[in-house]
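Below: the structure, in structure tokens.
Where a number appears in this text, it was derived from the coordinates with a stated rule and is not lab data. The structure displayed is predicted, hence computed values, not measured ones. Note: ideal-geometry Cβ built from the backbone for every residue, glycine included; neighbour counts use all protein chains shown.
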Amino acid sequence: MSDFALTARPLVIAHRGASAEAPENTLAAFRLALEQGCDAIELDIHVSADGELVVCHDETLERTTDGTGRIAEMTAAELKRFDAGAWFGAKYRGERLPLLQEVLELVPPRIGINVEIKSFDHPGVERLLVDLLERTGRTGSVFLSSFDHDCMVRCKRLSPSLRVGLLYEEEEWFDYEAFERENGIALYSMHMYHGCLNGGFAAAAARRGLQVYPWTVDDPLLMRRMLEWGASGIITNRPGVLRKLLEENGGTHAHD
């Protein structure tokens, strides 16, 4: 089975899975995103007290589980005791916080996984992630992102073949060329809040071979605007909606 490849655009990237219809960052949300025809899945990781990579957006448990406390202060086994689905709906009762390892087992290599590093202040997170991807043979199907751009530089230096991208939400025109020069690395993607995107930036990035992935876009009219401006892919809570829109307009799967 081949690795995730950019053989067509634009990509349908499921934000925390199909998180408008299933509890975010759970295996249930990732399964639903696969069923809805996503090309890639975006997820967030933190490091547990025993060094496991745990999939969760927040550093604390309160919002998306029935537990309380910080992920960094609990072991993976302790974290697995909490229900991560009941808050969303009774049908999802019993869902647990997944480990990244479990997501890699669920998602086939032809589907991309965008791993956003949340616990970028953890001194070992880059090594833990790189080791896991290399051990499971998934460096070719995963691309990384973070609001901590130095974290992406560290990952790239640990594993030069990894694809890394920068998250940001305030600048309309991020000087990625200066960033690459200053850090001696090549970027793969730019992940901007959709309000920062404009057609000129997307065109310039495309000429440099950079992927442009605005987030988080759920409205079909806004999806159309992002596509008209040249987005390489769209990060959305509603992958099924974006897939339908693309199919109505002749779009294809990136892995067809």
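Here are the numbers for this structure:
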{"item": "Normalised convex hull volume, the stretch 3-139, alpha-carbon set, Å³ per residue", "result": "101"}
{"item": "Inter-label distance for Ala72 and Gln101, nm, one decimal - labels placed 7 Å from Cα along Cα-to-Cβ", "result": "2.2"}
{"item": "Pairwise label distance in nanometres, Thr60 with Glu247, each label 7 Å out on the Cα-Cβ vector", "result": "4.2"}
{"item": "Highest to lowest packing among 129-136, 230-237, 172-179, 106-113, scored as the average C-beta count within 10 Å", "result": "230-237, 106-113, 129-136, 172-179"}
{"item": "Percent of C-alpha pairs per 5 Å bin, the stretch 136-256, short to long", "result": "2, 11, 20, 22, 20, 14, 8, 3, 0"}
{"item": "5 angstrom amide H check on Lys118, placed H, neighbours 5+ away", "result": "Ile45"}
{"item": "Positive-pole candidate from Gly37, Val47, Thr26, dipole of the stretch 1-143, charges at beta carbon", "result": "Gly37"}
{"item": "Rule-of-thumb Rg ratio for the chain [Cα; 2.2 N^0.38 Å; N residues]", "result": "0.96"}
{"item": "Euclidean distance between Cα centres, the stretch 126-168 to the stretch 172-231, Å", "result": "19"}
{"item": "Options Ala84, Leu99, Thr216, ranked by Cα towards positive dipole end of the stretch 11-248, top entry (Cβ charges)", "result": "Leu99"}
{"item": "Ratio Rg/Rh [Cα only; Rh per Kirkwood] for the stretch 73-162", "result": "1.01"}
{"item": "Burial ordering of Cys38, Cys155, fewest other beta-carbon atoms within 10 Å first", "result": "Cys155, Cys38"}
{"item": "Where the Cα pairs of the stretch 3-78 fall when distances are cut into 10 Å bins, in %", "result": "19, 41, 28, 11, 1"}
{"item": "Charge dipole (debye, nearest 20) of the chain; +1 at Cβ of Lys and Arg, -1 at Cβ of Asp and Glu", "result": "660"}
{"item": "Potential lengthening between Arg93 and Ser161 on full extension [0.36 nm per residue; Cα-Cα distance subtracted]", "result": "20.6 nm"}
